[in-house]
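The values are calculated or read from the model by the stated rules, or taken from the named source; none is laboratory data. Computed from a predicted model, the values in this text were never measured in an experiment. We place every Cβ from the backbone using ideal geometry, glycine too, and count neighbours over all the protein chains shown. Just the protein is used for accessible areas: all its heavy atoms, side chains included, with ligands, DNA and RNA removed. Shrake-Rupley method; radii C 1.70, N 1.55, O 1.52, S 1.80 Å.
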Amino acid sequence: MDKPALRSLLRERRALITPESHGLSRPTRQGRRAPGLSQAQIDQILHRAPDTYGRLESGRYPNPPADLLQDVARLLGMNEQEWIALWRYCLGQDPPFPLHSQSGEEIPGVWQEAVDGIGHMAYVNDRSWNLLAHNQRWTEMFPGGRVPQNTMRWMALDPAARETLTDWEHSWAPLVLPQLRAALAADPTDETLAQIEKEVLEDPLASGIYNRASSYLHLDGDERPLNHAAQGPGWVTMCAAQPMAAPGARMIILVFHAGEKRRHTRAPMLRARLQ
């Protein structure tokens, strides 16, 4: 537990919440000049025992339960990055779920400008693989420029994808479908992914691969065969990243090399040069 960082985070957020916004009055007793909600008022609003929040803020609450952290974070108006910081300062780990239900479904609009500035094919999808942003180079990969609305549904089920994703049955599906299983295991309430799974199980070829899916989830640095609509057959290497404010969302950059033959050498790992 990082007590100083935890105390600083909670005090800063608490100071921004006025008692009046929750129908409470500001304490007027002598010596109480700190802005925002008092510790006792937070216990009152959250229907917690006296000094519950005080113990949390001061670092006297070992292993606070997830529901308390969630209630406090929502009351204090935390964003996803602050939610992650709260868990790390309290428990030394990342939270098992996002703070807000819409998290992972939207990203700042500047991401479109950022993706447009990438020289390779690039796109961003939300936590359900719905497309959020993409650049023109990625559009050119598809016959007729027909970009899919949901990249998981396209990769798993679209007959056209099985032409674009070379050797789909062996080089793509066994690596794509475990990602669907893992995402549903993490959030069984995701209606979009549940519907895709239903369609996968109804597909004669995809269902067999899905039921045999291994635990393979690695994506970053993978090289796979691809039939580019404009440049023909080749190999694509994927680089994966996550927007910090959108848990579960992904930015994928695809580095394409035309040619039937796979590159024989893997790109070297990058390591900081410390002096």
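Given a Förster distance of 22 Å, report the FRET efficiency between Ala66 and Ala185 from their Cβ-Cβ distance, rounded to the nearest 0.05.
The value I calculate is 0.75.
Using a 1.4 Å probe on the protein heavy atoms only, what accessible surface does Cys90 show? Give it in Å² to the nearest 10.
Accessible surface of Cys90 is approximately 10 Å².
If you roll a 1.4 angstrom probe over the protein chains with everything in place, what fraction of the accessible area of the chain belongs to carbon and sulfur, to the nearest %?
On the chain, the fraction of accessible area on carbon and sulfur atoms equals 51 percent.
Over the Cα atoms of the chain, each weighted equally, I'd like the Debye log10 I(q)/I(0) at q = 0.10, 0.11, 0.12 Å⁻¹, rounded to two decimals.
Ignoring solvent entirely, the Cα scatterers give -0.68, -0.77, -0.86.
May I ask you to compute the full-extension gain from Arg273 to His22, defined as 0.36 nm times their residue separation minus their alpha-carbon distance, rounded to one decimal in nm?
85.1 nm
What length, rounded to one decimal in nm, is gained on full extension from Gln242 through to Asn130, with 0.36 nm per residue of separation minus their alpha-carbon distance?
Residue separation times 0.36 nm, minus the Cα-Cα distance, leaves 38.9 nm.
For segment 176-256, report the translational diffusion coefficient in µm²/s to the nearest whole number, using Stokes-Einstein at 4 °C, 1.567 mPa s, and a Kirkwood Rh over Cα pairs.
Here the translational diffusion coefficient equals 89 µm²/s.
For the chain, take the longest principal axis of its alpha carbons; what is the angle in degrees between that and the long axis of helix 191-202, to the nearest 10 within 0 to 90?
The helix 191-202 is inclined about 30 degrees to the chain.
Over the Cα atoms of segment 124-191, compute the convex hull volume and normalise it per residue, giving Å³.
Hull volume normalised by residue count: 88 Å³.
Between Asn211 and Arg146, 0.36 nm times their residue separation minus their Cα-Cα distance comes to what?
Net length gain for the segment: 20.4 nm.
Roll a 1.4 Å probe over the protein chains and send me the accessible area per residue for the chain in Å².
On a per-residue basis, the chain sits at 56 Å².
Specify the angular offset, from 0 to 90 degrees and rounded to the nearest 10, of the alpha carbon long axis of helix 3-15 from the longest principal axis of the alpha carbons in the chain.
Helix 3-15 sits at roughly 80 degrees to that axis.
With an 8 Å cut-off on Cα pairs and a minimum separation of 6 or more residues, tell me the relative contact order of the chain in percent.
15 percent
I'd like the orientation of helix 66-75 relative to the chain: the angle between its Cα long axis and the longest Cα principal axis, in ° from 0 to 90, rounded to 10.
Its long axis makes an angle of about 80 degrees.
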